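Notes to accompany the following structure.
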Amino acid sequence: EMLTTLADQFDYAIIHLPSVSFTSSFMEPLRDLHATIDLHLVVINPDTACYSILDAQGESVSQLSKIKLLANKFYSTSEVSSDFSFYMKKIWGETLISNPIHFDEALAEATANLQTVGCYSPGSLAAAEFKTLALWSIAALSCDEGSYA
């Protein structure tokens with residue numbers, strides 16, 4: 001009901017949900033939600049823990065066609081981060097958004113100052129990457145209305 005009301009008033013609505021599990025007990029509510037949304041971003045970290053979870057629950061994740069995986073806390077100087085990002089891209093292909101969000105101290109500082117990173121540090125890498133993500137999201141929703149709607 002909330003999404004219907006929002007759709008009447010706004011072109012886009014972003015809803016932040018707590019971490020979800022793709023286990024069988026959560027799949028039915030996820031399918032119901034998935035039927036009403038246009039795009040579902042799942043934030044992952046390019047590390048062994050996320051790789052293990054995705055490996056174990058990958059079939060369930062693949063059943064939800066509107067899901068896109070967004071790598072967060074990418075450390076460009078870390079071989080492990082780079083290796084897992086490469087491997088996840090190989091496995092998940094187009095499901096993984098090609099532009100990860102790098103680790104940037106400006107994001108932690110902005111949060112500590114109760115501001116968005118775009119306001120707190122507009123010249124930071126994080127601000128640029130979030131802007132890129134926003135533009136990518138709008139483009140994906142605009143170009144592919146048939147596949148996301």
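The values are calculated or read from the model by the stated rules, or taken from the named source; none is laboratory data. Given the structure is predicted, the values throughout are model-derived calculations rather than measurements. For neighbour counting, all protein chains shown are included, and Cβ atoms are generated from backbone atoms with ideal geometry for every residue, glycine included. All accessible areas refer to the heavy atoms of the entire protein, side chains included, with ligands and DNA or RNA removed. Shrake-Rupley method; radii C 1.70, N 1.55, O 1.52, S 1.80 Å.
Which of 122, 46, 18 moves the most in a Gaussian network model of the chain with Cα springs under 10 Å?
18
Can you give me the % of accessible surface on the chain that is carbon or sulfur? Probe 1.4 Å, all protein chains present, nothing else counted.
It is 57 percent, rounded to a whole number.
Between residue 82 and residue 56, what FRET efficiency comes out of the Förster formula 1/(1 + (r/R0)^6) with R0 = 22 Å and r the beta carbon distance, rounded to 0.05?
My answer for the efficiency is 0.45.
Run the dipole for the chain about the Cα centre, Lys and Arg Cβ at +1, Asp and Glu Cβ at -1, nothing else charged, and hand back the magnitude in debye, nearest 20.
That gives the chain a dipole magnitude of about 180 debye.
If contacts are Cα pairs under 8 angstrom and at least 6 residues apart, what is the relative contact order of the range 1-81 in percent?
With pairs under 8 Å counted, the relative contact order is 31 percent.
Mean residue ellipticity at 222 nm from the helices of the chain, using -39,500 (n - 2.57) per DSSP H segment of n ≥ 4 over the full residue count, to the nearest 500 deg cm²/dmol?
So the helix-based figure for the chain works out to -17000 deg cm²/dmol.
Residues of the chain: accessible area per residue at 1.4 Å, in Å²?
Per-residue value: 66 Å².
Give the Rg (one decimal place) followed by the Dmax (whole number) of the range 52-149, computed from C-alpha coordinates and expressed in Å.
Here Rg and the maximum Cα pair distance are 15.3, 40 Å.
For the chain, set up a GNM with springs between Cα atoms under 10 Å and report which of 130, 103, 26 has the largest fluctuation.
Comparing 130, 103, 26 in a Gaussian network model of the chain, the most mobile one is 26.
Please tell me the relative contact order of the chain in percent, rounded to the nearest whole number, where contacts are Cα pairs under 8 Å and at least six residues apart.
The value is 19 percent.
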